Amino acid sequence: MNIIKGCARIIGDEVSTDIHCSSKYLPGKDAAYIATVAFEQVAPGFAKAFNKGDVIVAGKNFGINSSREQAVHVMHRMGVSAIIAPSFGRQFYRNAINNGMPVIECDISGIVAGDAMEIDLAAGRIVVPAKNITRAVPPLPATVRTLLEAGGLIPFLQKHPDWNVGGEAA
Amino acid sequence: MGHTIAEKILGQHAGGRPANAGEIVVADVDFAMIHDARAGNALKMIEKLGAKSLPHVKRVALVLDHYSPPPNMEAANTHVAMRAFADKYGSPLYDVGDGICHQVLPEGGHLTCGDLVVGTDTHSTTYGAFNAFGTGVEGTDVSAVMMTGKLWFRVPETIRIELNGPLQPGVWAKDVTLTMLGKLGAEGANYRALEYCGSGVSAMAIDDRMTLSNHAAELGAKAALLEADEKTFAWLKAHGAAAPKPVKADADAVYAQRIVIDTATLAPQVARQHNIDDVVAVPDVAGKKIQVALIGTCTNGRLDDIRQAAAILKGKKLAKGVRMIITPASRAIYLAAMREGLFEILTAAGASVEAAGCGTCVNITGHYIAADDQVVISSANRNFKGRLGNPKSEIWIGSAATVAASALTGVVTDARTVAGGDWRAAA
Ligand code: SF4
């Protein structure tokens, strides 16, 4: 899980995942359906053209005003391998980690749709070889990486009910 | 180096020493809450874990407030599941009509100064009014609290906001937060905690302080903490809370930013349609026609809000063409307002009163869908396009005083210009 490779898929600033990627405003629709239409209003065709393993490269405040963790379940279904953005909505950021979705705060300038990227979570590095981009980002804390590796908070606690994450962060 | 209130409370719950901003800690959670808009999926997942793995389930309250009463089958079924869960595991439950989570938790005595409290709702920052670190989480987090009594937190940096001087009559905590939203922008305090201090805070009644901490969610704040004083202690005692463990910031605490607001000269503010940070002073937009006036929600559905509205509408009628709905934030507030005769005043003026709950806050509750081109003025907290079910309507946000004054005249109105607009409870 420390190294993620995937293609960039671009989405704009201030995207609320509650509105565009959860059932909040589509009551009764399940994750399977939403995964086929997610982000349609802000980026037509986004979900249809999404390939398993692609990385969402979003503008600022991705997940702003969003609190539903179902949005993260939908993204898992779409095959999202990680999300990078200059900033995230607070609750969305937490939900992503609790549900095993890597999220990295990073400058996204210069990255365009289809760029192959490599994300090193432990070292804190984003590389886009075709654009000669190498960006250092603060590495994710060990606690967060342990949660991500376990697949999220609940699987983590089933393995470690004592919260013992070992190492530097406790 | 000193510490902020947030660093101290999180540190105390994570082993004892104050934590530092930026650190990730695993902390003991004193109390948690899950409401009906989140419980559906979460409770199914939690039930799978089994009673044996939920030793802390009794310190998690279940609140049926968003769908109160249920607007669809799904919500009705979730309610049945929540009641069954509470019966089976012994969790406290607040049923339909009891009130909004952020109101019933403090009223139920579930939290006190120095506590760490989480809820499945962004406005869980409200508990900061009682000097408790309150923050919004999701169903997964609440499951983790039921299982282990603990959660992980990133310790936030803090912005210290000094409110200089008591607010003028007709000006409320809502106007302070709107001012902050105009300054910092929506989510301008993303990931950060706020600490409000100064004579402006001391002068505020608890109802207004709760607005201050609650509405910080629109700034993106993770928590919005106030120091405790005699008013806090008296309120908590009256509601049966545990003995307070007040936490103060150190004089040399490190802040990400310091802001001073001259609250003594502040005018009432409104956020114009669609953006909570498109804030202007009411006098600058006075005269804008409105058709619907809403008072309620976890931000401004408290007794002082209803008292202020009644003071303005006493013996009067709503302007022609205006409809008004009042939704008290809790059953206790409903009862108090009834006993004080406020509902008689408001009903005679032409307003209607709904049972306590989230009410007209957002279209998911099914309570109010705006018509095309309708202009709504609301004491709620959010006004994005379509929040009341119709992207062609406008939602303007202001204090209960501004909403009631506007309902009286039919146009956006500065409460300071109408009789009764200067009401405030004697401190
Ligand atoms: S009143 Fe509105 S903002 Fe507050 S908890 Fe209910 S739905 Fe959310």
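With contacts taken as Cα pairs under 8 Å and at least 6 residues apart, chain A reaches a relative contact order of 23 percent.
Ellipticity at 222 nm from helices only: DSSP H runs of n ≥ 4 in chain B, each -39500 (n - 2.57), divided by the residue count, give -9000 deg cm²/dmol. Say R0 is 41 Å: what FRET efficiency, to the nearest 0.05, do B:Lys231 and B:Thr347 get from their beta-carbon distance? After rounding, the FRET efficiency stands at 0.85. With a Förster radius of 41 Å applied to the beta-carbon distance between A:Ala142 and B:Ala243, the computed FRET efficiency rounds to 0.65. For the range B:223-310, the gyration tensor built on C-alpha atoms gives an oblate shape. Its axis ratio a/c (a ≥ b ≥ c) is at least 1.5, and a/b is not larger than b/c.
If you stretched the chain out fully between B:Thr265 and B:Asp284, how much longer would it get, using 0.36 nm times the residue separation minus the C-alpha to C-alpha distance?
The span from B:Thr265 to B:Asp284 would gain 5.3 nm if fully extended.
Taking square-rooted eigenvalues a ≥ b ≥ c of the alpha carbon gyration tensor, is the range B:238-365 rounded, prolate or oblate, where a/c under 1.5 means rounded and, failing that, a/b exceeding b/c means prolate?
Oblate, because a/c is 1.5 or more while a/b does not exceed b/c.
With both labels modelled 7 Å from their Cα along Cα-to-Cβ, the B:Met338 to B:Ala84 distance reads 3.1 nm.
Nonpolar atom fraction for the range B:136-190, defined as the carbon and sulfur part of the 1.4 Å probe accessible area, stands at 44 percent.
Each peptide in B:88-97, B:140-149, B:198-207 was scored by the mean count of other Cβ atoms within 10 Å over its residues; highest first, the order is B:140-149, B:198-207, B:88-97. Relative protection proxy for B:304-311, B:231-238, from highest mean packing down: B:304-311, B:231-238 (other beta-carbon atoms within 10 angstrom). For peptide B:135-144, the mean count of partner chain Cβ atoms within 10 Å of a residue's Cβ comes to 6.
In deg cm²/dmol and to the nearest 500, what is the mean residue ellipticity at 222 nm of chain A if only DSSP H runs of at least 4 residues count, each as -39500 (n - 2.57), divided by the residue total?
-7000 deg cm²/dmol, from helical runs alone.
For A:Ala32 and A:Lys5, the FRET efficiency from 1/(1 + (r/R0)^6), where r spans their Cβ atoms and R0 equals 35 Å, is about 0.85.
Report which residues of the range A:109-157 become buried by 50 Å² or more of accessible surface when going from the isolated chain to the complete set of protein chains (1.4 Å probe; DNA, RNA and ligands ignored). With the partner chains in place, the range A:109-157 has these residues losing at least 50 Å²: A:Ile154. Straight-distance candidates among the lysines for linking to B:Lys183, with alpha-carbon spacing under 28 Å and chain neighbours fewer than 8 residues away dropped: A:Lys60, B:Lys8, B:Lys174, B:Lys222, B:Lys248, B:Lys288, B:Lys289, B:Lys385, B:Lys392. Just which residues of the range A:79-107 lose 40 Å² or more accessible area with every protein chain there, against their chain alone, with the probe set to 1.4 Å? When all protein chains are present, A:Arg90, A:Gln91, A:Arg94 each give up 40 Å² or more of accessible surface.
Using only side-chain charges placed at the Cβ, +1 for Lys and Arg and -1 for Asp and Glu, the dipole size of the protein assembly as shown relative to its Cα centre rounds to 700 debye. Protein heavy-atom accessible surface, 1.4 Å probe, per residue over the protein assembly as shown: 35 Å².
Surface burial for A against B, with a 1.4 Å probe and both sides summed, reaches about 3000 Å² of accessible area.
The values are calculated or read from the model by the stated rules, or taken from the named source; none is laboratory data. Since we're looking at a predicted model, the values are computed, not measured. Heads up, the Cβs are rebuilt from the backbone with ideal geometry, glycines too, and the neighbour counts pull from every protein chain shown. Accessible surface is based on the protein model in full, side chains and every heavy atom, while ligands, DNA and RNA are left aside. Shrake-Rupley method; radii C 1.70, N 1.55, O 1.52, S 1.80 Å.
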